[in-house]
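The values are calculated or read from the model by the stated rules, or taken from the named source; none is laboratory data. What you see is a predicted model; the values in this text were computed from it and never measured. Here the Cβ positions follow ideal geometry from the backbone for every residue, glycine too, while neighbour counts run over all protein chains shown. With ligands, DNA and RNA removed, areas are computed over all heavy atoms of the protein, side chains included. Shrake-Rupley method; radii C 1.70, N 1.55, O 1.52, S 1.80 Å.
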Amino acid sequence: MEITIGKIYDLIEEYAPFELADKDDNVGLLAGSRDAELTGVVLVVDVNIDAVKLAIETDSNLIISHHPVIFGGINSVNDETATGKVLQMAIKNEINIISAHTNLDAADKGVSMTLAEIVG
């Protein structure tokens with residue numbers, strides 16, 4: 001059975017609905033295609049060059065991050081900025097990026113609730 005990026009997106013949406021995100025947050029599928037067939041997943045807090053290199057090395061075409069790689073407006077995608085380099089490398093290598101940030105923090109069994117349970 002083929003698993004698509006869209007299926008993974010839908011599973012994240014079910015656990016931590018993207019509508020729970022702060023209005024200024026940038027969550028969801030930030031790069032790529034819902035229709036792409038999943039080959040592997042890299043989980044990270046932040047998307048950086050090392051995360052993209054790891055995805056390439058492990059033949060993974062999905063990076064799921066907590067913090068969004070695109071945040072606060074982006075005016076260009078070029079190799080003069082760290083974000084531009086990351087996005088160029090990801091797109092060139094057909095790596096999809098899904099970010100679940102404040103929606104995951106706010107989910108019923110998300111980051112905030114888990115931390116609250118730990119500290120009592």
Apart from one, (1) surrounded by fewer than 16 Cβ atoms within 10 Å (Cβ to Cβ); (2) modelled with pLDDT of 90 or more; (3) more than 16 Å from the chain's Cα centre (by Cα) all hold for Ala106; the odd one out is (1)
Leu11 being open to solvent by 70 Å² or more (accessible area, probe 1.4 Å), aliphatic (A, V, I, L, M) and assigned to a helix (DSSP H, G or I):
yes
Restricting region 53-77 to residues that are part of a helix (DSSP H, G or I) and of a type outside the set (A, V, I, L, M), the residue that is least open to solvent (accessible area, probe 1.4 Å)
Lys53
Pair list, Cβ < 9 Å and 6+ apart or interchain, from region 89-106 residues that are on the phi > 0 side of the Ramachandran plot to residues that are surrounded by fewer than 19 Cβ atoms within 10 Å (Cβ to Cβ)
Glu94/Ser33; Glu94/Ala36
When you scan region 17-30, do you find a residue that is of a type in the set (D, E, K, R) and open to solvent by less than 60 Å² (accessible area, probe 1.4 Å), even just one?
yes
Could you tell me whether any residue of region 13-26 is of a type outside the set (Gly, Ala, Ser), over 18 Å from Ala106 (Cβ atoms) and touching a helix residue (DSSP H, G or I) at 6+ places or on another chain (Cβ under 6 Å)?
no
Which listed residue is within 15 Å of Asp46 (Cα to Cα) and among the polar types (S, T, N, Q), from Ser65, Ser76:
Ser65
Region 43-52, residues that are in contact (Cβ under 8 Å) with a residue 12 or more places away in the chain, part of a helix (DSSP H, G or I) and either open to solvent by 60 Å² or more (accessible area, probe 1.4 Å) or under 16 Å from Ile98 (Cβ atoms) (or both):
Ala51, Val52
Can you go through Thr83, Thr114 and tell me which one is open to solvent by 40 Å² or more (accessible area, probe 1.4 Å), of a type in the set (Val, Ile, Thr) and farther than 18 Å from Glu14 by Cβ?
Thr83
